[in-house]
Every structure is written in structure tokens, then in C-alpha cells.
């Protein structure tokens, strides 16, 4: 495929996906802030995070088989529209009566079912469109656009939350899904033949995906380290609003600043990686990114509950976002290069499920912990753990290669 053609197709798809992400992140922020401001409960925030990640943990391994059986483009189209329609259904419920708080948790969980299929299908679709030697650069472009969406979405969500009722905000999710479907629908993609033509048994296809993942021992060690880090790190996303509203005593606009700086850090690293286009020691870079997350998380928990402390916290969150892309971009590119294309849907779903299991585990521990000792102390505990785990992983990988 000629370079201008694949680039134009990639950016056409990503334009729609970026608009969709802006709408989804605005809706996500509004829902989470509604829960945080109305309840002020770490346990309720933990529950919202738990139900948002359970679908991936439960359905992910099986979703991967279907992703590899079907056209990945079709999977992405259906998944995007499903999430938009769920938000519209919740908006319609407000026309009858204000729903109880737990229904917001339910909506977050049902919307997440669409992500179970959409995210790995998109990750597996990109290598069918992009030359192998451009995967790192494209991954950086992809993260750059997504980071911009995550940066704009919470700010837009905070502004809309201040001037619009929640049901109106929810409609932006559907508008974003329509934009994503229109742009992806215009692009023709020659996909890899899928395993359903070989008449394999469902369980056998699942085992083949597991085998494709576990063949690379160094990658497995890194993924175990990532999973351990995420047990501590993933719950923090549910506690950012409480840090802003309860610990620092600030408004939703300040809460959106934290989301903005985190996404800005992600965006900066994506831009830098896109300029170079290649990362030669991808697994080492991924470990260094995890170390950066650990150090910045620890510092975030040590700041005082003052306005100056908040701005230090916001800067730490920006560096945290930069570190998250510094580990994820090389890791995903490494997997896209090394895993056979026909198995990538299953492998990315398996990894997504493994990482999603870390969220409920982390929330089950962190919820009561944060309720008793404060969300700031959980940041400290998490920072120490996330700093230690990648160092252990590097030591194990070095021993494997001796």
C-alpha cells in the first residue's frame, strides 16, 4: 500500500475515533463527578470503577475469539454505536424521574461492554492498515490524538456539567459514535482471513491465542509486572475527583484540570515518540515508563492539602500521564510486531482481561483503605509498590537471558 494512501486512511479513521473519545470522556467525567459531588463516598467511587471494569474481566477472553472470527471493522462499528445508545437510554430515564445513584454505576458497566470488543478490535485492525516499520510512529500518533481527546473531554464535561443538565450531556456520546462510524465506514480495509474459516473449535481458538501470548517469556514477565502495578494504579482513576473535591476542597473545574494535565503529559510523549518513529529497546522503555508512574504517584500522595499542593499534584499527574504513554506505546508496538496477525484479537483481549481484573482487585483493597485512611495515603502506598515491581521485572528478565 502506498504511503499517502495508508496515512490518509489512518487519519480518516482516527478523526472519527477522536471525536467519539471526546464525547465519551466528557460523559464519563460528568457521570463520575455527579457521583463524587452527590455522594462524596470513596466506596461509591470504588463501586463505579469496579462495574466499569468487570465486563472486560469476564467477557474479554471470549470476545477475543469473536473478534478474530469477524471483520474487525464491523466489530468496531457496532461497539461504538452500542455505547452511544446506552448513554441515550440513560438520558431518557431522566425524563421520567431522577434515577438513583447506583444506576450511574450500572450505565458505566453496560457501556464498558462495548469497549470489551472495540478496543482490541481497533488494536488488531491497525497492523492490517499500517506497514510494520511504522507501527511505533502510528502508535504515537494514535496516542497523541487520544490524549488530546482525553484532555479536551473532561474540560468539556466540566463546562457542560456547570451549565447543562446531565441528560443533555449524555447525548454527546451518541454524536461521537455517529462520527466514528461515518469515518470508519468510508475506509476500505483488506483484513487478514479469520480463523472461523478453518472450523476450529472455540476452546481451541482460545488456547491458540493463549499460546501466542505465552511464547515470549520476557513479554510475559513484563505483563505480570504491569498487572501488579495496575492493581495499585487503576483504582486511582476513581479517586482523582475525590482528591480535588474532598482532599483539596475544590470545584469540578479544578477536577478537570487534573484530567487535562494527565492527558497533556500523554500527548507530549506521543508527539516526541512520533518525531523519532522508532524505539529499539521497547521492553526496557516500557519498564522505565512504569518506574515513572511509581515515582509520580508517590509524590502525588505527599503534597499538602493546599492550593499550592493542588498545583504540585496537577504537575505530578501530567508527569504520570507522560510515563503511562512511555510504557504503553513501546509495549503495544512490540506486541503488534511479534504476535501473529490472525491471533492479535485474542491476545489483546486476553491482556485487556488480565489488566481489567486488576481494577476490581485493587478497588476491593483500596476502597475500605481510602475510606479509613484517606485517598492521599493510597497514592503513597501505590507509588511505593509501582516503583518496586518494574525493578523486580527487569531483574527477572535479565536472569532469563543469562
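Do we find a residue being more than 22 Å from the chain's Cα centre (by Cα) and more than 27 Å from residue 121 (Cβ to Cβ) anywhere in the stretch 292-299? Yes, the stretch 292-299 contains a residue that is more than 22 Å from the chain's Cα centre (by Cα) and more than 27 Å from residue 121 (Cβ to Cβ). Counting the residues of the stretch 223-251 that are touching a residue at least 40 places away in the same chain (Cβ under 8 Å) and not in a helix (DSSP H, G or I) gives 5.
Look at (1) surrounded by 23 or more Cβ atoms within 10 Å (Cβ to Cβ); (2) farther than 26 Å from residue 261 by Cβ; (3) modelled with pLDDT under 75 and you find that residue 133 fails only one, number (1). Restricting attention to the stretch 124-143, the residues that are over 20 Å from residue 76 (Cα atoms) and assigned to a helix (DSSP H, G or I) total 6.
Every residue, every condition in (1) at pLDDT 75 or above; (2) surrounded by 24 or more Cβ atoms within 10 Å (Cβ to Cβ); (3) on the phi > 0 side of the Ramachandran plot, yes or no:
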site	(1), (2), (3)
243	yes, yes, no
268	yes, no, no
277	no, no, yes
280	no, no, no
288	yes, no, no
293	yes, yes, no
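Listed here are the residues, each with its yes/no results for (1) in contact with a helix residue (DSSP H, G or I) (Cβ under 6 Å, 6 or more places away or on another chain); (2) over 27 Å from residue 156 (Cα atoms).
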residue: 258; (1), (2): yes, no
residue: 274; (1), (2): yes, no
residue: 281; (1), (2): no, yes
residue: 299; (1), (2): yes, yes
residue: 302; (1), (2): no, yes
residue: 307; (1), (2): no, no
residue: 317; (1), (2): yes, no
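Within the stretch 326-353, the set of residues being surrounded by fewer than 21 Cβ atoms within 10 Å (Cβ to Cβ) and either in contact with a strand residue (DSSP E or B) (Cβ under 9 Å, 6 or more places away or on another chain) or under 15 Å from residue 216 (Cβ atoms) (or both) comprises 337, 338, 340.
Reported count of residues in the stretch 215-240, each being modelled with pLDDT under 75 and either out of contact with any helix residue (DSSP H, G or I) (no Cβ under 6 Å at 6 or more places or on another chain) or closer than 19 Å to residue 162 by Cβ (or both), is 1. Whenever a residue of the stretch 297-325 is on the phi > 0 side of the Ramachandran plot and crowded, with 21+ Cβ neighbours inside 10 Å, it has no partner that is modelled with pLDDT under 90 and part of a helix (DSSP H, G or I) lying with C-beta atoms less than 9 angstrom away and at least six residues away or across chains. Residue selection: residue 109 fails the criterion of being surrounded by 23 or more Cβ atoms within 10 Å (Cβ to Cβ), within 18 Å of the chain's Cα centre (by Cα) and either free of Cβ contacts under 8 Å to residues at least 40 places away in the same chain or not in a loop (DSSP other than H, G, I, E, B) (or both).
Quick grid of which residues meet (1) in contact with a helix residue (DSSP H, G or I) (Cβ under 7 Å, 6 or more places away or on another chain); (2) under 17 Å from residue 165 (Cβ atoms); (3) modelled with pLDDT under 80; (4) surrounded by fewer than 24 Cβ atoms within 10 Å (Cβ to Cβ):
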residue: 5; (1), (2), (3), (4): no, no, yes, yes
residue: 8; (1), (2), (3), (4): no, no, no, yes
residue: 15; (1), (2), (3), (4): yes, no, no, yes
residue: 23; (1), (2), (3), (4): yes, yes, no, no
residue: 31; (1), (2), (3), (4): yes, yes, no, no
residue: 36; (1), (2), (3), (4): yes, no, yes, no
residue: 39; (1), (2), (3), (4): no, no, yes, yes
residue: 45; (1), (2), (3), (4): yes, no, yes, no
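Any residue in the stretch 82-105 that is part of a helix (DSSP H, G or I), over 17 Å from the mean Cα position of the chain (by Cα), under 19 Å from residue 234 (Cα atoms) and modelled with pLDDT of 75 or more? The answer is yes; a qualifying residue exists.
The values are calculated or read from the model by the stated rules, or taken from the named source; none is laboratory data. If you're wondering where the values come from, they're calculated on a predicted model, not measured in any experiment. Neighbour counts run over all protein chains shown; Cβ positions are idealised from the backbone, glycine included.
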